[in-house]
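K.L.:
Dumping the structure here so I can ask a few things about it.
The values are calculated or read from the model by the stated rules, or taken from the named source; none is laboratory data. In this text, all values refer to a predicted model and were calculated from it rather than measured experimentally. Neighbour counts run over all protein chains shown; Cβ positions are idealised from the backbone, glycine included. Each accessible area value is taken on the protein alone, full model and side chains, heavy atoms only, with ligands, DNA and RNA left out. Shrake-Rupley method; radii C 1.70, N 1.55, O 1.52, S 1.80 Å.
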Amino acid sequence: MNAVIAGRPSPLGATVLDGGVNFSLFSRTATGVELLFFAREDDARPSSVVTLDPVKNRTYHYWHTFVPGAGPGQLYAYRVHGPNEPAEGLRFDPTKVLIDPYGYGLAVPKNYHPDAARKPGDNAGTAMKSVVVDPRAYDWEGDAPLRLPSSRTVIYEMHVRGFTRHPSSGVAEPARGTYAGLVEKIPYLKDLGITAVELLPVHAYDTHACPAGLVNYWGYQTVSYFAPHPQYSSRPDPLGPVNEFRDMVKALHRAGIEVILDVVYNHTAEGGHDGPTLCYRGIDNPTYYMLEHGGGRYADYSGCGNTVNANHPVVRRMIVDSLRYWVTEMHVDGFRFDLASILSRGPDGHPLPNPPVLWDIESDPDLAGTKLIAEAWDAAGLYQVGSFVGDTWKEWNGRFRDDARDFFRGEAGTVGKFADRMLGSHEVYGHKAREAEQSVNFVTCHDGFSLNDLVSYNEKHNEANREGNRDGASDNKSWNCGTEGPTGDPAVEELRNRQVKNFHTVTVLALGVPMILMGDEVRRTQAGNNNFYCHDTEANWFDWSLVEKHADVHRFVKLLLSRRLLRDTSHEERRTSLTDLIEKAKKAWHGVKLSEPDWGPNSHSIAFGVELPGEKLLMHLIMNAYWEPLDFELPAAPAGWRRWIDTALPSPQDIVEWRRAVPVPGGSYRAGLRSVVVLVGGL
């Protein structure tokens, strides 16, 4: 392994070839590069070093070599030499061991800590190492991305570790909290009616990027955009995380469930000027990051200390290569882009009218048909919900979240906005002539209150985060139903249960793609913490005893989702726009009186009727956020009305199986206070 052979610049990363491995690294301003090999992840000294010749082993700005005898499972890293001139944006430090930006695997020493990567001196013994992986060495058994229709998609935002880590999960200890553990719980997801899991970050991340004494649990501190997070694997060998992740994807696909990854291409775990040197900072700082003041300061549009220079040609290619790898080699079905609006910013930080990286992603043929979902805002105030660039991007609809919360907590002046959200947010998206499913509708997500806490707390309670309760949003648009936090008052508890069902109902029935947060179907609580990113404890894990404790809510969600799986998909197949869908639909808005909706600021109720000719069905939806029961007149239905949902009724009357809806006598229906009613009839 000591012979220095020229190798070739393409492809980047470590590529397994006949007889050895080709290594290639981009660095425009480096003066020297050393390729290090390690026998174990915690070795303080490399087993061998390959010093790259700046003439023989460099083509353009690519440093490369071929190493005979190297193969899959080999641990490796780099030392990169160059000027250390922070004021100019150059931060080379050859005492630091750096992982490969294109490394497909990652090995983390048990004694790893980023402090060693930010302090002076050699950090080899505590540094992460990359792992050589041969993506071809896996039997997919005919598996491929599913490409399920969005009109029948139900997204379940979840955390790999948190889903099965709790002792109540029933998963054996070695697999608890891992990719393998998730596989054991696929029957639960399938039974619930989930068609896509949206996994919080599984790109390898730094668990230490948080206040001292806590653990970064969410994973929004990426160190490698190609390697699966090794601590989610039950396998100790270097290749274990890659293969176990693939096993999980294959098992989910067999159950008809797509895999969407939450990806963080907007910043990395290297932080600001005082952050650790793990990879990009020490390889080519001005290329990978947006810099200000002549290069001496990191631009921070992410709120995490740095901002990835996403529209630099080299970084653009890395992002697209990463996405392509996860689709072609790891078989994922889609991506949700964290703080996606940052990707629209140019190197100077200003938003671009046609950001190259976004069009590169959308137009890449290997990504055609892949679900692309944008969190269309960033931490510096750029808000692009309804105006995100592109032809196929879906968006997390933050306006649906806010307006649904406001409507059901009884805020004035919300009926009109909420009604529009139920029809796909036409005022937000109609100008794009896009499909109804452009809007991803949600009321809660990982970032903020859980659904139980949304109806149980007026204020955030983040003291456990050790930031003096200053972190997390203060305006949550929540309502505690009369008592802050847990209560033994049955009236308050009944109202909270009703509100939970209200939110689930409108999220699933609104035009768009519904997303529910892990555990919301069983009222999982975070004790009022709306920024629970730094707690890897039972308080943050899915407590499986809640499935029985809140069996009525679980049953409600299951029956609700079963209806979505029966939806007509013809509009999506014909690529009917949201505008055309609404204009051609036979629909009507009502108040308590037929055809007399009250759009005034003091109105707290609305009813909506629509014909679904493709399903030969009438549907009448009553949403009463008023604090008293209201009697609503009903339009005529040829075969009469039947009640499918009434959240004011106790379980099991609150929802029945779709085909067993209960006949409703008379020409009116009394909707209970703060309730949702869904009536159906035949055409």
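K.L.:
Hey, if you put +1 on the Cβ of every Lys and Arg and -1 on every Asp and Glu Cβ in the chain, which of Tyr62, Asn111, Val160 ends up farthest toward the positive end of that dipole?
P.N.:
In the chain, that residue is Val160.
K.L.:
How much net charge surrounds Trp359 when only the other residues with a Cβ under 13 Å from the Cβ of Trp359 are counted, with Lys and Arg +1 and Asp and Glu -1?
P.N.:
-3
K.L.:
A further question on this structure: Just to confirm the filter: which GluC sites (Glu not before Pro) across the stretch 369-433 are DSSP coil and have at most 10 other Cβ within 10 angstrom of their Cβ?
P.N.:
Passing both the DSSP loop test and the Cβ count: no residue.
K.L.:
To continue, here is another question. Return a whole-number percent for the relative contact order of the chain, with Cα pairs under 8 Å and 6 or more residues apart as the contact set.
P.N.:
11
K.L.:
Whole number in Å², please: accessible area per residue of the stretch 501-546, 1.4 Å probe, ligands, DNA and RNA not counted.
P.N.:
19
K.L.:
Right, something else. Residues in the stretch 494-519 near a label at Asp191, defined as backbone nitrogen under 16 Å from the 7 Å Cα→Cβ point?
P.N.:
519
K.L.:
So, one more: Determine the relative contact order of the stretch 294-365: mean sequence separation of Cα pairs under 8 Å and six or more apart, normalised by residue count, in whole percent.
P.N.:
Computed over the stretch 294-365, the figure is 32 percent.
K.L.:
With a ≥ b ≥ c taken as the square roots of the eigenvalues of the C-alpha gyration tensor of the stretch 639-683, please select rounded if a/c is under 1.5 and otherwise prolate if a/b is larger than b/c or oblate if it is not?
P.N.:
It is oblate, given that a/c is not under 1.5 and a/b is not larger than b/c.
K.L.:
If you take the beta carbon distance between Ala380 and Gln653 as r and set R0 to 45 Å, what does 1/(1 + (r/R0)^6) give as a FRET efficiency, to the nearest 0.05?
P.N.:
Working from the Cβ atoms, E equals 0.40.
K.L.:
OK, next. Can you compute the helix-only [θ] at 222 nm over the chain? Use -39500 (n - 2.57) per DSSP H run of at least 4 residues, normalise by all residues, nearest 500 deg cm²/dmol.
P.N.:
Theoretical 222 nm ellipticity from helices: -6000 deg cm²/dmol.
K.L.:
Which of Ala209, Ser150, Trp377 sits closest to the plus end of the dipole of the chain, meaning its Cα is farthest towards the positive end, when Lys and Arg get +1 and Asp and Glu get -1 on the C-beta?
P.N.:
Ser150
K.L.:
Still on this structure, please answer the following. Restrict the search to the stretch 1-90; then list the chymotrypsin sites (Phe, Trp or Tyr not before Pro) that DSSP places in a loop and that have at most 10 other Cβ atoms within 10 Å of their Cβ.
P.N.:
Hits after loop and neighbour filter: Tyr60.
K.L.:
Quick one: with all protein chains in place, what share of the accessible area of the chain is carbon or sulfur, to the nearest percent (1.4 Å probe)?
P.N.:
Using a 1.4 Å probe with all protein chains present, the chain comes out at 52 percent carbon and sulfur.
K.L.:
Assigning unit charges at the beta carbon (Lys, Arg +1; Asp, Glu -1) and nothing else, what dipole magnitude in debye, to the nearest 20, does the chain show about its Cα centre?
P.N.:
With Lys and Arg at +1 and Asp and Glu at -1, about 900 debye.
K.L.:
With +1 assigned to the C-beta of every Lys and Arg and -1 to the C-beta of every Asp and Glu, and no other charges, what is the dipole magnitude of the stretch 530-682 about the Cα centre in debye, to the nearest 20?
P.N.:
Rounded to the nearest 20 debye, it is 560 debye.
K.L.:
While we're on this one: What are the ³J(HN,Hα) values, in whole Hz, obtained from phi via the Karplus relation 6.51 cos²θ - 1.76 cosθ + 1.60 with θ = phi - 60°, for each residue of the stretch 517-526 in sequence order, with x given for Gly and Pro?
P.N.:
Result, ordered by residue: 8, 3, x, 5, 6, 9, 6, 5, 10, 10 Hz.
K.L.:
Count neighbours as other Cβ atoms within 10 Å of each site's Cβ, and list the trypsin sites (Lys or Arg not before Pro) in the stretch 1-92 that are DSSP loop with at most 15 such neighbours.
P.N.:
Counting only loop positions with at most 15 other Cβ atoms within 10 Å, the trypsin sites (Lys or Arg not before Pro) in the stretch 1-92 are Arg28, Arg40, Lys56.
K.L.:
Using +1 at the Cβ of each Lys and Arg and -1 at the Cβ of each Asp and Glu in the stretch 229-364, identify which of Ile319, His273, His253 lies farthest towards the dipole's positive end.
P.N.:
His253
K.L.:
Using Cα centres only, tell me the gap between the stretch 79-96 and the stretch 304-320 in whole Å.
P.N.:
Between the Cα centre of the stretch 79-96 and that of the stretch 304-320, the gap is 19 Å.
K.L.:
Report the net charge of residues surrounding Val21, where surrounding means a beta-carbon distance below 14 angstrom and charges are Lys +1, Arg +1, Asp -1, Glu -1.
P.N.:
Value of the local net charge: -1.
K.L.:
Continuing with this model, one more query. Residues of the stretch 305-400: accessible area per residue at 1.4 Å, in Å²?
P.N.:
29
K.L.:
Among the helices of the chain (complete DSSP H runs), which have Cα atoms covering no less than 15 Å along the helix axis and a Kyte-Doolittle mean of at least 0.0?
P.N.:
The qualifying helices are 313-328.
K.L.:
Under the rule of at least 5 residues apart or a separate chain, name every residue whose amide H is placed under 5 Å from the amide H of Val513.
P.N.:
Counting only residues 5 or more places away or on other chains, the set is Ser439, Val440, Asn441.
K.L.:
Then there is this: Taking 2.2 N^0.38 Å as the expected size of a compact globular protein, what ratio does the Cα radius of gyration of the stretch 392-503 give against it, to two decimals?
P.N.:
Here the answer is 1.20, to two decimals.
K.L.:
For Asn602 and Lys432 in one chain, what is 0.36 nm times their gap in residues minus the Cα-Cα distance, to one decimal in nm?
P.N.:
58.0 nm
K.L.:
Using a/c under 1.5 as the rounded threshold, could you call the stretch 226-377 rounded, prolate or oblate? The axes a ≥ b ≥ c are square roots of the C-alpha gyration tensor eigenvalues, and prolate needs a/b larger than b/c, oblate otherwise.
P.N.:
Oblate.
K.L.:
Once you have a ≥ b ≥ c as the square roots of the Cα gyration tensor eigenvalues for the stretch 544-680, tell me rounded if a/c is under 1.5, and otherwise prolate or oblate according to whether a/b is larger than b/c.
P.N.:
Since a/c reaches 1.5 but b/c is at least a/b, the shape of the stretch 544-680 is classed as oblate.
K.L.:
Test of understanding: express the Cα radius of gyration of the stretch 1-134 as a ratio to 2.2 N^0.38 Å, with N the residue count.
P.N.:
Its radius of gyration relative to the 2.2 N^0.38 Å reference: 1.00.
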